Amino acid sequence: MARLVPVSAALAVVALLAASPALAAQCPKLINQINTTAGNRFDAAAAEARAKAAEAEQLHKAAKHADSVKAAQEGLAKLGVK
């Protein structure tokens, strides 16, 4: 039992490190999807989505990829993209 805790913690760290590059690559794709979908729209939903895209880009640059993906997905939701 005493060995289970350190092994579990090590596996969790490895899983997080493995997932980070995948999230890092997803951020720019989602941001581009927002910008493409918003296109030349000037309605409130498009403006809110662009703001979420900008927030996602800042989070991506700060290496907060999970938060960046979440912000980008919220922006896409404002545009009606699932």
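The values are calculated or read from the model by the stated rules, or taken from the named source; none is laboratory data. All values derive from a computational prediction rather than experimental measurement. Quick reminder, even Gly has a Cβ in these numbers, built from the backbone with ideal geometry, and neighbours come from all protein chains shown.
Here residue 24 meets each of (1) surrounded by fewer than 16 Cβ atoms within 10 Å (Cβ to Cβ); (2) over 12 Å from the mean Cα position of the chain (by Cα); (3) modelled with pLDDT of 70 or more with one exception, condition (2). When we screen 66, 51, 46 for residues that are at pLDDT below 95 and assigned to a helix (DSSP H, G or I), the only hit is 66. Residues that are closer than 16 Å to residue 81 by Cβ and surrounded by fewer than 19 Cβ atoms within 10 Å (Cβ to Cβ) within region 29-43 comprise 29, 32, 33, 35, 36, 37, 39, 41, 43, listed in sequence order.
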